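Quick notes on the structure that follows.
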Amino acid sequence: MAVSDAVSRAPAAASPDRRRLHVSAPPERFFGYYPGTVAVITSAHGADRNVMSAGWHAALSAEPPLYGVALGRTRYTHGLVLAAGGFAVHFLPFEQARVIAAVGCVSRHGGVDKFDRFGLATAPGAVLPLPILQDAYLAYECRVSAVHATGDHDWVVGEVVALHHRPEAFDEGRMQDAQRVAGTVYYGRSRYEALGRGDRVDFDPDAFREVAPGD
Ligand SMILES: Cc1cc2nc3c(=O)[nH]c(=O)nc-3n(C[C@H](O)[C@H](O)[C@H](O)COP(=O)(O)O)c2cc1C
């Protein structure tokens, strides 16, 4: 039996009396749903510019293209993005994991220019006056379209007005090929891992939709 057939006919979720997961309510400690691909956010307003890491981010809409990032209100980047009305979202290869860790550990509140300190090469945005990190394999230029207060962060939504990418990181179907250019996954607590160096499986979506004979 193919892997996809086995998965599509797997039994329903276990009943509560077979629960194997540890439960804490309220949570003992919020895990932050890691691991996940980490992003790097830049913004600039006048002569001021900044860069920080963000593990909490998501695509929100295809038409119009929208992307969201959770910015803590204490981050220097938070005020800069709201003043500028724009931000750029970058994805850096695993070889740049040290940069991701560094810009997420140092704040511009201390006066440091992180681009200079960590030697980050930038080029101007195509549409917005934002620094675009040239070591990224994918970057979105975003114009702020909404800001939603979410607990101790603001969920900042941006309309994607330009996209930058390194062609060799993607296959012919524009799917990211992490075995060509490994993206960076963040586990929390300063641990990073290369995307695309583990097992890989492709599923046939139709295998989940068809009704098996006798079902
Ligand atoms: C891997 C990683 C992921 C992070 N994710 C977020 C995030 O999603 N949102 C956030 O507000 N801060 C996040 N941080 C923390 C900020 O990057 C960090 O506080 C940074 O120093 C803020 O810089 P700034 O004050 O110059 O803006 C993350 C840090 C790291 C290292």
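The table below lists the values:
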quantity	calculated
Positions within segment 183-209 being more than 16 Å from the ligand (Cβ to nearest atom), touching a residue at least 24 places away in the same chain (Cβ under 8 Å) and surrounded by 10 or more Cβ atoms within 10 Å (Cβ to Cβ), in sequence order	Phe203, Asp204, Ala207, Phe208
Cβ pairs under 9 Å, 6+ apart, first in segment 162-174 and under 17 Å from Ile132 (Cβ atoms), second of a type in the set (Gly, Ala, Ser) and modelled with pLDDT under 95	Ala169/Ala178
Boolean, Phe115 is at pLDDT 95 or above and either of a type in the set (A, V, I, L, M, F, W, C) or within 21 Å of Tyr33 (Cα to Cα) (or both)	yes
Any hit, segment 52-61, residues being among the hydroxyl-bearing types (Ser, Thr, Tyr) and more than 30 Å from Gln179 (Cβ to Cβ)	no
Check on Ala102, of a type in the set (Gly, Ala, Ser), over 20 Å from Thr184 (Cβ atoms), at pLDDT 95 or above and out of contact with any Gly (no Cβ under 8 Å at 6 or more places or on another chain)	no
Glu141, sole failed condition from (1) away from the ligand (no atom under 11 Å from the Cβ); (2) over 19 Å from the mean Cα position of the chain (by Cα); (3) not in a loop (DSSP other than H, G, I, E, B)	(2)
Residue count, segment 115-129 (criterion: under 17 Å from Leu80 (Cβ atoms), in contact with an Asp or Glu (Cβ under 6 Å, 6 or more places away or on another chain) and hydrophobic (A, V, I, L, M, F, W, C))	1
Residue satisfying all of: in segment 108-120; within 8 Å of the ligand (Cβ to nearest atom) and touching a residue at least 40 places away in the same chain (Cβ under 8 Å); surrounded by the fewest Cβ atoms within 10 Å (Cβ to Cβ) among these	Arg108
Sole exception among (1) under 23 Å from Gly188 (Cβ atoms); (2) touching a residue at least 60 places away in the same chain (Cβ under 8 Å) for His90, by number	(2)
Any strands (runs of 3 or more DSSP E) falling wholly within segment 33-94 and containing at least 2 residues that are buried (at least 19 other Cβ atoms within 10 Å of the Cβ) and either of a type in the set (Val, Ile, Thr) or touching a Lys or Arg at 6+ places or on another chain (Cβ under 8 Å) (or both)	39-45, 48-54, 86-91
Segment 146-205, residues that are aromatic (Phe, Trp, Tyr) and within 16 Å of the chain's Cα centre (by Cα)	Trp155, Tyr186, Tyr187, Tyr192
Breaking point among (1) buried (at least 17 other Cβ atoms within 10 Å of the Cβ); (2) in a loop (DSSP other than H, G, I, E, B); (3) away from the ligand (no atom under 16 Å from the Cβ), for Gln179	(1)
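Yes or no, residue by residue, for (1) within 13 Å of the ligand (Cβ to nearest atom); (2) among the aromatic types (Phe, Trp, Tyr); (3) under 17 Å from Asp154 (Cα atoms):
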| residue | (1), (2), (3) |
| --- | --- |
| Ala70 | yes, no, yes |
| Phe91 | yes, yes, no |
| Ala101 | yes, no, no |
| Thr122 | no, no, no |
| Gly125 | no, no, no |
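The values are calculated or read from the model by the stated rules, or taken from the named source; none is laboratory data. Keep in mind it's a predicted model, so treat the numbers as computed, not measured. Please note: Cβ atoms are built from the backbone with ideal geometry, for glycine as well, and neighbour counts cover all protein chains shown.
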